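Undergrad: My questions all concern the structure below.
Here, each number is a calculation from the coordinates, and none is a lab measurement. Small disclaimer: the values here were computed from a predicted structure and weren't measured. Cβ: placed from backbone, ideal geometry, glycine included. Neighbour counts: every protein chain shown.
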Amino acid sequence: MVAFTLRELGRLERRFAKDSPGKSNPWMQDPTARAWLLETMNNRPAYAYAAAKGTLASFWGLPLATYPEGRGLAFEKAYAEAGFNNPFEAFGPMAYAAGEVFAQAIQASSKAGGVTRPAVFNALNTQEFKTLIGDFKFDQNGMPGVIHIAIYEVNNGKWQLLYRTDPSATKLVKVE
């Protein structure tokens, strides 16, 4: 078990940022440190609950259980069954969806006569993709037609999903 308090962790963060500007923080790559931080965040003392209550945060992505047709939960199960040494990180589901998009674009190019850069590019710009995060096409600016942004609030010491965007991220929808 890593023996840091949150205050000490903050000092380490500031020291690392000062000593190594522009570099990623190695302790966050340490699975033991990450596990400790997550455990600490989820089991903080009562005085921290009052201080955090009502804190809002936004994040690109939704809880896996909210993705269409159980795809998020299927991803989570398949990842666990694959036996990876570390849990997937925050953007793991989106990275997986990006891989699905490229695989489908390459398959479509192959069926259309050959896998070339122009053929893959054409597939990316014209095809609808079925992915973990939903089915979508890219618009004329290259943006996916599905964008999930979630607003979380701390309540009783835990992050709770409060709002999510509609699939095109044009309005917030309250989560019941």
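Undergrad: What is the fewest-to-most order of Leu56, Leu172 by other Cβ atoms lying within 10 Å of their Cβ?
TA: So the residues, fewest neighbours to most, are Leu56, Leu172.
Undergrad: Between the stretch 54-72 and the stretch 109-176, what is the separation of their alpha carbon centroids in Å?
TA: Distance between centres, Cα-based: 12 Å.
Undergrad: What FRET efficiency, computed as 1/(1 + (r/R0)^6) with R0 = 25 Å and r the Cβ-Cβ distance, is obtained for Lys137 and Ala90, rounded to the nearest 0.05?
TA: Efficiency computed from Cβ-Cβ geometry: 0.50.
Undergrad: Given Lys77/Lys171; Lys111/Lys137; Lys130/Lys158; Lys77/Lys174, which pairs have Cα atoms separated by over 26 Å?
TA: As for pairs spanning more than 26 Å Cα to Cα, those are Lys77/Lys171; Lys130/Lys158; Lys77/Lys174.
Undergrad: So if each residue of separation counts as 0.36 nm, and I subtract the Cα-Cα distance between Lys174 and Lys77, what length gain in nm does that give?
TA: Length gained, Lys174 through Lys77: 32.2 nm.
Undergrad: What ranking of Tyr79, Tyr152, Tyr67 emerges when the number of other C-beta atoms within 10 Å of each C-beta is taken as an exposure proxy, fewest first? Let's see the in-between values first.
TA: Values: Tyr79 16, Tyr152 19, Tyr67 23.
If I rank by nearby Cβ atoms, fewest first, I get Tyr79, Tyr152, Tyr67.
Undergrad: What's the exposure ranking of Val101, Val120, Val173, going from fewest to most Cβ atoms within 10 Å? Could you put the intermediate results ahead of the total?
TA: Numbers: Val101 20, Val120 16, Val173 10.
Exposure proxy ranking, most exposed first: Val173, Val120, Val101.
Undergrad: Also, quick follow-up: Which trypsin sites (Lys or Arg not before Pro) does the stretch 51-128 hold that lie in a coil by DSSP with at most 16 other beta carbons within 10 Å?
TA: Within the stretch 51-128, the qualifying trypsin sites (Lys or Arg not before Pro) (loop, at most 16 other Cβ atoms within 10 Å) are Lys53.
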